[in-house]
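The next block holds one structure in the form of structure tokens; read it before the comments.
Just so it is clear, none of the values below were taken in a lab; they were calculated from the coordinates. This structure is a prediction, so every number in the text was calculated from the model and none was measured. Reconstructed Cβ throughout: ideal geometry from the backbone, glycine too, with neighbour counts over all protein chains shown.
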Protein chains: 10
Amino acid sequence: MLFHVRMDVHLPHDLDPDVRADTVAREKAYSQRLQRAGKWPHLWRIAGEYSNISVFDVDSADELHDLLSALPLFPHMTIKVTPLATHPSKVTDALV
Amino acid sequence: MLFHVRMDVHLPHDLDPDVRADTVAREKAYSQRLQRAGKWPHLWRIAGEYSNISVFDVDSADELHDLLSALPLFPHMTIKVTPLATHPSKVTDALV
Amino acid sequence: MLFHVRMDVHLPHDLDPDVRADTVAREKAYSQRLQRAGKWPHLWRIAGEYSNISVFDVDSADELHDLLSALPLFPHMTIKVTPLATHPSKVTDALV
Amino acid sequence: MLFHVRMDVHLPHDLDPDVRADTVAREKAYSQRLQRAGKWPHLWRIAGEYSNISVFDVDSADELHDLLSALPLFPHMTIKVTPLATHPSKVTDALV
Amino acid sequence: MLFHVRMDVHLPHDLDPDVRADTVAREKAYSQRLQRAGKWPHLWRIAGEYSNISVFDVDSADELHDLLSALPLFPHMTIKVTPLATHPSKVTDALV
Amino acid sequence: MLFHVRMDVHLPHDLDPDVRADTVAREKAYSQRLQRAGKWPHLWRIAGEYSNISVFDVDSADELHDLLSALPLFPHMTIKVTPLATHPSKVTDALV
Amino acid sequence: MLFHVRMDVHLPHDLDPDVRADTVAREKAYSQRLQRAGKWPHLWRIAGEYSNISVFDVDSADELHDLLSALPLFPHMTIKVTPLATHPSKVTDALV
Amino acid sequence: MLFHVRMDVHLPHDLDPDVRADTVAREKAYSQRLQRAGKWPHLWRIAGEYSNISVFDVDSADELHDLLSALPLFPHMTIKVTPLATHPSKVTDALV
Amino acid sequence: MLFHVRMDVHLPHDLDPDVRADTVAREKAYSQRLQRAGKWPHLWRIAGEYSNISVFDVDSADELHDLLSALPLFPHMTIKVTPLATHPSKVTDALV
Amino acid sequence: MLFHVRMDVHLPHDLDPDVRADTVAREKAYSQRLQRAGKWPHLWRIAGEYSNISVFDVDSADELHDLLSALPLFPHMTIKVTPLATHPSKVTDALV
């Protein structure tokens with residue numbers, strides 16, 4: 001099941017630089033693990049913002065919350081989830 | 001170049017039923033033409049709303065505006081465009 | 001899977017009274033069918049507003065959208081869906 | 001009487017980790033006491049957010065405020081209360 | 001139990017003048033009946049707006065919704081209810 | 001002349017506990033002095049929030065500002081004032 | 001006593017042109033009467049909008065509401081009133 | 001040329017008291033200099049808020065920005081500027 | 001003097017098609033006259049919306065309001081004006 | 001391709017003054033480099049605010065994000081990007 005997720009990152013300006021670098025590095029590794037596992041099929045940067053728009057493919061809202069709340073940047077992000085359904089005009093035979 | 005587009009449809013309740021049916025049918029055909037042409041790679045329904053979240057793949061903002069303003073439902077929609085950039089954590093070797 | 005749904009009804013003041021009465025009656029019958037089927041376990045009126053707060057129990061966002069978009073009042077409602085997950089502090093042994 | 005309550009938690013990033021852990025543990029114990037007492041019949045996590053949607057069953061707004069303002073996390077939460085009334089379409093004979 | 005209620009009136013400009021005059025007259029009579037019954041202890045006009053701020057004294061949210069939804073102007077109003085609790089600094093021995 | 005006032009308190013989490021206790025105690029004493037003087041005829045807690053809704057009875061906006069800006073919690077509050085007028089439907093012969 | 005008032009005019013596009021012209025003419029005459037009476041000391045157009053920012057000088061909120069609700073355009077305006085107090089830095093000896 | 005300016009002051013609670021007192025004193029002196037020079041013809045306190053509504057009379061937006069950004073409290077204020085035009089109903093023969 | 005102007009067009013869906021076509025044609029001619037006169041140096045379409053972002057170069061806010069309120073589409077637009085000042089980092093020797 | 005960019009700067013009040021001066025100086029130099037390179041053709045100050053409105057001319061949203069996220073003030077800014085298209089009424093023969 002697909003969920004549209006927007007994440008906005010707000011790092012405190014007085015965060016310890018080492019903690020910051022470590023958190024950002026762990027965020028990247030964690031994100032790539034989820035992408036490779038097929039859980040996070042789309043990930044885009046919003047131009048000009050420290051934000052992303054993503055699509056997650058999970059079995060349930062419980063699984064989605066477990067994945068999102070385990071993000072190393074979770075304490076510093078505002079997250080908004082929108083559940084997606086199949087669109088009746090979606091073509092299924094388009095080349096990708 | 002990718003653009004994230006959210007469209008919310010607000011049909012006037014006193015729209016002539018034939019006009020309405022015709023407009024919706026032309027919207028579907030037009031949308032599917034763009035999808036097959038690779039211009040509209042993602043199209044999802046927002047659960048519970050007469051709205052969609054889409055991603056367009058176009059050469060420029062001019063092309064994007066031409067495509068969107070030609071939507072048969074354009075006069076009855078609120079549209080919000082967000083330009084997307086490549087995310088630095090995006091994996092390129094994931095199976096799709 | 002549980003979804004929190006808020007529905008706000010905005011009936012046009014010039015809607016034909018018979019159409020209105022018929023739509024509201026069909027809405028009630030439809031709602032009660034879904035409740036009896038276990039799809040709509042919670043339904044509350046927001047005090048002072050022509051609005052409700054509901055919880056739906058469905059298999060997927062697709063099923064949720066199908067149920068909601070078939071509501072007779074759907075063209076006259078603003079609907080906002082919020083996906084719910086299990087809360088880690090939820091007790092499971094409380095008497096109900 | 002039922003009240004719909006949304007709570008959003010905003011923990012300061014420089015909160016002492018021991019204070020934080022202790023506060024969160026006391027919050028959980030307190031919440032479960034109220035659930036077992038029948039005062040807090042519904043508690044759901046909002047997927048992707050450090051927030052919950054709850055329903056409280058209390059005798060009065062005074063009792064509700066006493067219960068909410070005693071939450072260990074109260075100083076770090078934004079809370080929004082909505083009073084609920086019986087919905088005229090609510091079925092009372094549905095299996096739960 | 002006390003509830004704070006704000007009502008904003010939006011009369012359609014093409015409402016039949018007789019319907020309008022009759023509705024406003026019935027609203028006034030209904031409001032005064034509730035005031036005399038002690039259900040509507042405070043009623044103020046917001047300066048410059050076709051709006052009021054009121055306090056209702058009722059036994060439950062169900063009673064509140066019944067009273068409000070029976071207002072002749074209900075279909076043309078936006079209503080927002082806020083539940084009130086006793087303030088710990090409230091003096092009870094002040095002259096009124 | 002009556003003014004509707006909403007006050008939302010936001011105490012900094014790192015405020016010195018003694019300063020905090022002293023400020024809150026002075027706020028209570030000050031508030032009760034104004035209530036006994038007939039300047040602050042209504043004071044209610046908003047259920048679930050560190051906020052109040054009040055009505056002040058003063059001679060002018062100047063007097064109102066002097067009273068409000070002297071609140072010990074004034075530096076930590078968001079205040080919104082709404083001027084009230086007599087409502088034409090207000091009954092004057094109701095028992096209170 | 002001074003009140004800051006913002007008025008935004010929203011004339012229905014299908015208003016009868018004669019009714020419209022007559023209403024606007026009566027609005028102007030009424031406004032100028034109040035200005036000459038010293039009740040409406042400041043009146044500015046917001047550049048680019050069918051809106052004005054005004055300051056009224058009245059004895060009470062009741063008088064303010066009577067004056068504003070008698071505006072011929074009142075049914076087509078959104079009005080927001082802000083009570084003004086004397087600023088402690090205001091010089092009283094400036095040339096005007 | 002006239003500009004409507006709203007300023008909301010947000011002083012950090014941990015600002016050094018001497019810095020604070022000095023800044024506020026310089027703000028007052030600076031404001032009074034501009035008022036005496038005819039640049040700042042109107043200055044009102046918003047009742048209940050640490051905010052003011054002002055009207056500036058300057059030659060250009062450049063001059064306005066220079067004056068505002070030199071306010072000692074500028075780093076702690078949210079400022080919103082609205083350009084004012086002559087209102088067609090404004091009387092020019094009223095006594096002031 | 002430069003003003004940033006955003007215009008959002010909302011044409012009523014039941015506007016007579018001939019009136020509509022005539023208004024849009026007059027809007028275009030009027031806009032081009034102002035552009036050729038140097039009053040309207042920048043005009044861009046917001047991608048995906050029936051809206052534009054413009055910069056006007058005028059002598060005063062009065063002139064700006066006269067130009068904008070004479071737009072044939074003025075009754076159907078929401079307009080927001082922002083006064084612009086010279087930016088201190090602006091280079092003046094860049095090739096254009 | 002043109003993008004409209006609004007940047008609002010929020011410098012923490014406890015930022016080290018040397019860090020602050022250095023960051024602002026680097027911001028200015030960086031901005032002027034991009035202007036001279038033709039990437040940042042328009043840059044205006046919003047009168048009264050520590051904000052600017054800019055237009056960027058870049059090859060893609062990726063390039064735009066690279067340029068913006070490298071701004072020395074980027075961690076302290078809120079940025080909002082709007083993609084611009086050619087307006088059909090834009091004259092191309094106006095003198096500039």
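Odds and ends about this structure:
- Chain H holds its axis-closest Cβ, relative to the rotation onto D, at the residue and whole-Å distance H:ASP14, 7.
- Nearby lysines by direct alpha-carbon distance to C:LYS80 (threshold 16 angstrom, same-chain neighbours under 8 apart not counted): A:LYS80
- Cβ-based net charge around G:HIS65, under 10 Å, with every Lys or Arg adding one and every Asp or Glu removing one: -3
- Rounded tilt (10° steps) of I:17-36 against the dominant C-alpha axis of chain I: 20 degrees
- Choice from H:ASP14, H:ASP62, H:ASP22 with maximal GNM fluctuation in chain H (Cα, 10 Å cutoff): H:ASP14
- Karplus-based coupling profile of the stretch C:7-13, in residue order and whole Hz: 10, 10, 9, 10, 7, x, 5, with θ = phi - 60° in 6.51 cos²θ - 1.76 cosθ + 1.60 and x standing for Gly or Pro.
- For E:LYS90, the aspartates and glutamates whose Cα comes closer than 18 Å to its Cα, not counting residues fewer than 8 places off in the same chain, are D:ASP62, D:GLU63, D:ASP66, E:ASP57, F:ASP8, F:GLU27, F:GLU49, F:ASP57.
- Lys, Arg +1 and Asp, Glu -1 on Cβ, resulting dipole of the protein assembly as shown about Cα centre, debye, nearest 20: 0 debye
- Expressed in Å, the radius of gyration and Dmax of the Cα atoms of the stretch H:44-96 are 14.4, 41.
- Gap separating the Cα centres of the stretch H:33-96 and the stretch C:1-62, nearest whole Å: 51 Å
- Counting only the Cα atoms, the stretch C:2-83 fills a convex hull of 86 Å³ per residue.
- In order along the stretch J:83-93, the Karplus-derived 3J(HN,Hα) couplings, from 6.51 cos²θ - 1.76 cosθ + 1.60 at θ = phi - 60°, round to x, 10, 10, 5, 8, x, 8, 5, 8, 10, 10 Hz, and Gly and Pro are given as x.
- Rounded to two decimals, the Cα radius of gyration of the protein assembly as shown over 2.2 N^0.38 Å is 0.98.
- Calculated from backbone phi, Karplus (6.51, -1.76, 1.60) coupling profile of the stretch I:40-54 in Hz, x at Gly/Pro: 10, x, 10, 8, 10, 7, 7, 4, x, 10, 8, 8, 9, 10, 10
- For C:THR78, net neighbour charge (Lys/Arg +1, Asp/Glu -1) across residues whose Cβ lies under 13 Å away: -2
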